[in-house]
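The structure appears right after this line, and notes come after that.
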Amino acid sequence: MSLVTTKEMLLDAQKNNYAVGAFNVENMEMVMAVIAAAEELNAPVIMQTTPSTVKYANVDYFYANAKVAAEKSFVPVAIHLDHGNSFELAMTAFRAGYTSIMIDGSHEQFEDNIRITKSVVDACHSAGVPVEAELGKVGGKEDDLEGGDGGYTDPQDAKEFVERTQVDSLAVAIGTAHGVYKGEPKLDLDRLSEIRKVVSIPLVLHGTSGVPDDTVKECVKRGICKVNYATDLRIAFTKGVVEVLNEHPEMIDPKKYNAQGLKHVKEYVMSKIKVVGAENKANR
Ligand code: 13P
């Protein structure tokens, strides 16, 4: 099937109390791993790329990879720009055919975040492409993007932000952070419920690598409809490659060691599709 947008996917997840897994892909093998996992579990899936990923190989490469994966598949697939950090990059991905765009104005003041988010929403909605925004700051570091020390999402601000921007989904800061956690993350689940009470659009959880599965499930119960995983896919892929090269230092065929990376990523993605409850939600 053709690439789909995240709009219907996330609304269905919201209506039926599950979440869609959103997995950061950084090369062709990761795309292959994510689609293989989604197919095996009959799950809708979102592939996403950060600004640094699309700097490494431009949006057209990743769009093409995701498009081929989707067209050869029976599960719904969306390609999403993760943490779009400028209007220009958001438009580059939009023009390339990305079926979902995040504009991350969370580093800006409230009014500036509204202004930049609204400008992306106006452009993308003209072609039916949904937009994710972020309010409050998810901590940690993702690629070149510094999250800082957080700054949790205020429920009333979230309500006003969504009404004024008409954004389709909202990433909330409730204590998660990108990257590897030093200890167990403590999430402000009550805050999530408070946000849910006043914001009707699907909510997004960032920084999920390392968050215990039961906590993720609780977040989904409380209104999270899209769950982002990145760091753990990197770790899984690298582990697979290193395993093979340690055992066969003479190996020079990238297909052989990448295949082991692919295998590890596929297993990881399958386990998280189950955690978020997206298994068997493809044909809806
Ligand atoms: P992790 O790297 O912590 O999994 O975060 C992923 C993410 O939120 C992508 O936007």
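Rule-based calculations on the coordinates, nothing more; no lab input. Note that the structure is predicted; figures quoted are calculated from it, not measured. As a convention, Cβ positions derive from the backbone with ideal geometry for all residues, glycine included, and neighbour counts pool all protein chains shown.
Mean separation of Cα pairs under 8 Å and 6 or more residues apart, divided by the residue count, gives the chain a relative contact order of 22 percent. Computed over neighbours whose Cβ is under 9 Å from that of Ser106, the net charge equals -2, Lys and Arg +1, Asp and Glu -1. Among DSSP bridges having both ends in region 1-116, what percentage is antiparallel? Round to the nearest 5. About 0 percent, rounded to the nearest 5. The trypsin sites (Lys or Arg not before Pro) of region 30-77 that meet both conditions, a loop assignment by DSSP and at most 12 other Cβ atoms within 10 Å of the site Cβ, are Lys72.
Rg/Rh for the chain stands at 0.95; both radii use Cα atoms, and Rh follows the Kirkwood definition.
Compared with the dominant Cα axis of the chain, that is its longest principal axis, helix 59-71 is turned about 80°. When shorter helices are ignored and each DSSP H run of at least 4 residues is given -39500 (n - 2.57), the per-residue value for the chain at 222 nm works out to -15500 deg cm²/dmol.
Checking the cross-link pairs Lys137/Lys272; Lys226/Lys255; Lys15/Lys159; Lys159/Lys281 against a 21 Å limit on the alpha carbon distance flags Lys137/Lys272; Lys226/Lys255; Lys159/Lys281 as lying beyond it.
How charged is the neighbourhood of Val204? Take every other residue with its Cβ under 9 Å from the Cβ of Val204, and add Lys/Arg as +1 and Asp/Glu as -1.
Numbers: positive: Lys226; negative: Glu132, Glu134.
Neighbour charge sum, excluding Val204 itself: -1.
Helix 254-276 and the longest principal axis of the Cα set of the chain meet at an angle near 40°. Other residues whose C-beta falls under 12 angstrom from the C-beta of Val131 contribute a net charge of -3, scoring Lys and Arg +1 and Asp and Glu -1.
DSSP beta bridges in the chain, what fraction antiparallel, as a percent rounded to 5? Beta bridges within the chain, antiparallel portion: roughly 10 percent. For region 136-284, the Cβ-based charge dipole about the Cα centre amounts to some 560 debye (Lys, Arg positive; Asp, Glu negative; other atoms uncharged). Decide, for region 1-108, between rounded, prolate and oblate: order the square roots of the alpha carbon gyration tensor eigenvalues as a ≥ b ≥ c, take rounded if a/c falls under 1.5, and otherwise choose prolate if a/b is larger than b/c, else oblate. Since a/c reaches 1.5 but b/c is at least a/b, the shape of region 1-108 is classed as oblate.
Packing here is the average count of other Cβ atoms within 10 Å per residue, and on that basis the peptides 273-283, 22-32, highest first, run 22-32, 273-283.
Peptides 33-43, 2-12, 85-95 ordered by packing proxy, namely the average of other Cβ atoms within 10 Å per residue, highest first: 33-43, 2-12, 85-95.
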